[in-house]
Amino acid sequence: MHILITAGPTREKIDPVRFISNRSTGKMGYAIARQAVALGHNVTLISGPVALTPPEGVNFVPVESAADMAQAVHLHAPSADMLIMSAAVADYRPAHPVDSKMKKQPGALFLELERTEDILASVGKNKRADQLLVGFAAETEELEAHALDKLKRKNLDWIVANYVADGFGNDTNQVILFNRNGEKFPIPRSGKDLIAKQIFEIITAVS
Ligand code: CTP
């Protein structure tokens with residue numbers, strides 16, 4: 001199979017030296033990419049800026065912003081059999097990024113932000129029946145309700161949900177998989193490589 005994986009954070013430019021981003025390390029997405037290669041799949045890894053070395057054998061596409069990531073995903077999605085979107089894409093970006101370094105002024109600074117494209121939702125809208133779409137949900141409360149809402153709203157086949165405190169930035173994780181039939185598959189706390197292995201096992205066994 002050709003598997004497209006997104007990973008890591010995105011960076012949204014304020015000026016040449018500043019950006020808005022988040023705490024994603026890319027560890028979960030890279031573990032999924034490593035596992036997909038080990039299973040013999042053809043893997044495209046579209047990654048925001050992280051401190052990790054791309055797994056050997058992937059087609060590596062480095063990107064910076066949500067807009068860059070969207071462009072890369074739309075380019076590679078049509079040939080993908082399975083898409084696993086683990087990136088922590090910024091939901092907002094500065095509406096007016098500037099090319100010269102902003103100088104400080106007296107008083108407060110107000111930054112206007114505008115929405116970025118919801119890449120997962122647009123892929124979900126254009127998804128073919130032969131494509132399997134897997135999203136992620138990192139929540140701080142009401143994990144199951146938010147995850148199921150995202151699964152339906154974004155037209156996903158599967159969603160991998162976890163509490164932010166459990167996985168974000170950590171070497172281990174603890175997740176629950178939900179599918180379109182409302183079935184629920186908890187994966188207990190373990191290293192991200194083992195979590196990635198079990199994600200593939202569950203999806204392959206049940207899809
Ligand atoms: N995602 C995406 N593009 C975005 C935002 C999110 O593709 N601009 C994807 C992520 O890769 C992840 C899923 O959507 O697979 C969940 O993202 P999240 O931000 O948690 O979901 P939202 O629908 O934005 O919900 P909210 O911000 O209200 O929690």
statement: trypsin sites (Lys or Arg not before Pro) in region 1-59 lying in a DSSP loop, each with at most 11 other Cβ atoms within 10 Å of its Cβ, come to Arg23
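Find the relative contact order for the chain and round it to a whole percent, using C-alpha pairs within less than 8 Å whose residues are 6+ positions apart. Could you put the intermediate results ahead of the total?
Working: 427 pairs, mean separation 40.7, N = 207.
So the answer I get is 20 percent.
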task: Mind listing the long-range amide H neighbours of Ser190? Cut-off is under 5 Å, sequence gap 5 or more, other chains count too, H placed in the peptide plane at 1.01 Å from N.
output: Asn173
task: List the lysines whose Cα lies under 20 Å from the Cα of Lys197, skipping any in the same chain that are fewer than 8 positions away.
output: Lys27, Lys184
query: Which length gain, in nm to one decimal place, applies between Ser79 and Asp171 when the Cα-Cα distance is subtracted from 0.36 nm times their residue separation?
result: 30.0 nm
- line: In nanometres, the difference between 0.36 nm per residue of separation and the alpha-carbon distance of Asn181 and Gln71 is 36.5 nm
task: Between the alpha-carbon centers of region 153-169 and region 123-137, tell me the distance in whole angstrom.
output: 14 Å
- prompt: Each residue of region 72-89 in turn: what ³J(HN,Hα) in whole Hz from Karplus with 6.51, -1.76, 1.60 and θ = phi - 60°, glycine and Pro shown as x?
  reply: 5, 5, 5, 5, 8, 4, x, 8, 8, 8, 9, 10, 10, 9, 9, 5, 9, 6
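Just want the ordering: Arg180, Arg128, from fewest to most Cβ atoms lying within 10 Å of their own Cβ. Mind dumping the intermediate values first?
Working: Arg180 14, Arg128 10.
Ordered from fewest to most neighbouring Cβ atoms within 10 Å, Arg180, Arg128 come out as Arg128, Arg180.
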Cα-based reach from Lys104 at 30 Å (exclusive), listing lysines while leaving out same-chain residues under 8 positions away: Lys13
message: For a quick check of your reading of the filter: which GluC sites (Glu not before Pro) in region 58-160 sit in a DSSP loop and have no more than 10 other Cβ atoms within 10 Å?
response: Glu112, Glu141, Glu142
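Given Cα pairs under 8 Å that are at least 6 residues apart, what percent is the relative contact order of region 37-138?
Numbers: 101 pairs, mean separation 27.2, N = 102.
Over region 37-138, the number comes to 27 percent.
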- prompt: At each listed q (0.10 Å⁻¹), what is the log10 of I(q)/I(0) that the Debye formula gives for the chain modelled as equal alpha-carbon point scatterers?
  reply: -0.42
statement: Flagged as over-length at 30 Å C-alpha distance, from Lys101/Lys192; Lys101/Lys125; Lys127/Lys192; Lys103/Lys154, the pairs are Lys101/Lys192; Lys101/Lys125; Lys103/Lys154
statement: Expressed in Å to one decimal, the Kirkwood Rh of region 1-99 from all distinct alpha-carbon pairs is 13.7 Å
query: For region 150-207, rounded, prolate or oblate, judged on the Cα gyration tensor with a ≥ b ≥ c (square roots of eigenvalues), a/c < 1.5 rounded, else prolate if a/b > b/c?
result: oblate
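Laboratory data are not the source of any read-out in this text; all were calculated from the coordinates shown. Please read these numbers as outputs of a predicted model, since none were measured by experiment. For neighbour counting, all protein chains shown are included, and Cβ atoms are generated from backbone atoms with ideal geometry for every residue, glycine included.
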